[in-house]
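Colleague: My questions will all concern the structure given below.
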């Protein structure tokens, strides 16, 4: 994958497999449109469609290691992109691509296990630190 060879973080999203993709936008729709072609041209088209579908499956397989979520339309991907870019914008980006979300979430929880309260005038020299489990409801 080109982005990986340049040490760039890959943030990928795929169309949900259950989504009813418009038939005319599917690769194999070309076979329906070309059904009246001469047999040799139709055979060539069929081979091209099969090759393209195989390459797409290969690309999706490679991309699946970096997938942050699936979507069905622009509205459903908006929050996914925002959630994925949040850590990048705040500088809390994970050191490696998120391959296992559970491991990443555990590490994130460990980093944020305590809350340091600042901004209050109190007699203590140091601000009070709460454990997240002490205030979570």
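Colleague: Just checking, which of 65, 26 is surrounded by fewer than 14 Cβ atoms within 10 Å (Cβ to Cβ) and modelled with pLDDT under 85?
Modeller: Sole residue among the options that is surrounded by fewer than 14 Cβ atoms within 10 Å (Cβ to Cβ) and modelled with pLDDT under 85: 65.
Colleague: While we're on this one: If you go through region 61-69 one residue at a time, do you hit one that is within 30 Å of residue 108 (Cβ to Cβ), free of Cβ contacts under 8 Å to residues at least 12 places away in the same chain and part of a helix (DSSP H, G or I)? Step through it out loud before you land on a result.
Modeller: Of the residues in region 61-69, the ones within 30 Å of residue 108 (Cβ to Cβ) are 61-69.
Checking the rest, the ones that are also free of Cβ contacts under 8 Å to residues at least 12 places away in the same chain come to 61.
Filter again for part of a helix (DSSP H, G or I), leaving 61.
Within region 61-69 (the criterion being within 30 Å of residue 108 (Cβ to Cβ), free of Cβ contacts under 8 Å to residues at least 12 places away in the same chain and part of a helix (DSSP H, G or I)), the answer is yes, since at least one residue qualifies.
Colleague: Could you say which residue among 31, 37 is in contact with a helix residue (DSSP H, G or I) (Cβ under 7 Å, 6 or more places away or on another chain), over 26 Å from residue 104 (Cβ atoms) and not in a helix (DSSP H, G or I)?
Modeller: 37
The values are calculated or read from the model by the stated rules, or taken from the named source; none is laboratory data. Just so it is clear, the model here is predicted, and its values are computed rather than measured. No Cβ is skipped: glycine too gets one built from the backbone with ideal geometry, and neighbour counts run over all protein chains shown.
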